[in-house]
Amino acid sequence: MPQKIRIKGIATKDDVFTGEAESLIALLEAAVKAGIDLTFAALDGTDLSCANMSNAKLNSADLSEAKLSRAKLDHAHLTVVKMDRSDLSNADLSYAGLIGSRLAGAKLVEAILRGAILSGANLCGADLSKADLSRADLSKATLSGANLSEALLPFANISGTSLLGAKLNKAALSATELSRADLPGAQLAGANLTGANLTGVNLPGADLSGANLAAANLQGADLTDADLSGADLDGTNLNGANLNGARR
């Protein structure tokens with residue numbers, strides 16, 4: 001039976017949207033379909049699993065600790081949204097705008113983020129294992145301690161991004177833009193970096209054992225004490241790279 005449901009705002013606690021529906025998910029889906037602007041909506045801790053919110057206008061909303069597994073948020077407007085510790089596993093966020101968003105500790109296992117804009121986003125400690133981030137913009141994002149094992153990142157932009165201690169084992173990074181990225185101690189064992197641009201990248205102590213770096217550009221990169229054992233360096237540009245203490 002339909003009931004009156006109110007969606008409050010973050011700061012003022014005033015109603016952002018009110019309507020009658022059988023559940024919060026049904027109300028949100030109807031609001032999104034009608035093009036309602038849900039900026040500043042307080043939805044933290046809510047269960048929105050499998051909700052269809054494609055093209056949703058949720059800029060600056062609070063979705064921290066929300067359950068959004070298998071939700072459809074493709075092409076959604078999520079600029080400066082709070083999604084810390086939210087569960088977005090298997091969610092579709094393709095081509096979503098997540099500029100400056102907060103996703104620290106979020107679960108994004110096998111999430112689809114193809115073409116998403118995550119520039120300046122905080123993804124510290126997020127689990128992005130097996131996520132599809134192909135052609136995503138992660139420039140100047142923070143991914144320290146994030147798990148990107150087996151993630152798909154071909155043609156993604158990761159320039160100027162902080163990946164301190166991140167896990168990128170067996171990640172697909174072919175033709176990825178990684179120039180000036182900060183990856184000290186990162187785990188890239190078995191990663192595919194063919195044709196990737198790693199100009200001036202910071203990789204001291206990184207594990208690149210068994211990685212495919214064929215035709216990659218590592219000009220001016222810092223590979224001090226990095227593990228390059230078993231790595232494919234066929235055609236790799238290492239001009240000006242610091243290889244002091246590196247294992248090959």
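The values are calculated or read from the model by the stated rules, or taken from the named source; none is laboratory data. Because the structure is a prediction, the values reported are computed rather than measured. Cβ coordinates were reconstructed from backbone atoms using ideal geometry, including for glycine residues, and neighbour counts include every protein chain displayed.
Some observations on this one:
- Hits in the range 10-43 - residues which are of a type in the set (D, E, K, R) and either buried (at least 17 other Cβ atoms within 10 Å of the Cβ) or in a helix (DSSP H, G or I) (or both): E29, K33
- Residue in the range 203-222 that is aliphatic (A, V, I, L, M), modelled with pLDDT of 95 or more and under 23 Å from A116 (Cβ atoms) present: no
Here's the yes/no breakdown for (1) closer than 19 Å to D87 by Cβ; (2) surrounded by fewer than 24 Cβ atoms within 10 Å (Cβ to Cβ):
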{"site": "L128", "(1), (2)": "yes, no"}
{"site": "S139", "(1), (2)": "no, yes"}
{"site": "A146", "(1), (2)": "yes, no"}
{"site": "L153", "(1), (2)": "no, no"}
{"site": "A156", "(1), (2)": "no, no"}
{"site": "T161", "(1), (2)": "no, no"}
{"site": "L168", "(1), (2)": "no, no"}
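- Index of the failed condition, R102 passing every other in (1) within 26 Å of A231 (Cβ to Cβ); (2) among the basic types (K, R); (3) crowded, with 20+ Cβ neighbours inside 10 Å: (1)
- Being crowded, with 21+ Cβ neighbours inside 10 Å and either among the small types (G, A, S) or closer than 24 Å to L68 by Cβ (or both) is a property that holds for L118.
- Just one residue in the set A26, A96, A104, A56 is in contact with a Leu (Cβ under 6 Å, 6 or more places away or on another chain) and modelled with pLDDT of 95 or more; that residue is A96.
- Members of the range 226-240 found to be under 18 Å from L168 (Cα atoms), of a type outside the set (A, V, I, L, M) and assigned to a loop (DSSP other than H, G, I, E, B), listed by number: S229, G230
- Single residue of the range 12-35 satisfying the filter (more than 15 Å from D62 (Cα to Cα) and among the acidic types (D, E)) that is nearest to the chain's Cα centre (by Cα): E29
- Test: residue in the range 82-91 that is surrounded by fewer than 17 Cβ atoms within 10 Å (Cβ to Cβ) and either without any contact (Cβ under 8 Å) to a residue 60 or more places away in the chain or within 17 Å of A104 (Cα to Cα) (or both): no
- D137 being under 15 Å from L178 (Cβ atoms) and touching a Ser or Thr at 6+ places or on another chain (Cβ under 9 Å): yes
- Extreme residue, farthest from R247 (Cα to Cα), among residues of the range 204-225 that are outside any loop (DSSP other than H, G, I, E, B) and either acidic (D, E) or over 24 Å from the mean Cα position of the chain (by Cα) (or both): D222
- For the range 51-108, a tally of residues being in contact with a Ser or Thr (Cβ under 6 Å, 6 or more places away or on another chain) and part of a strand (DSSP E or B) returns 6.
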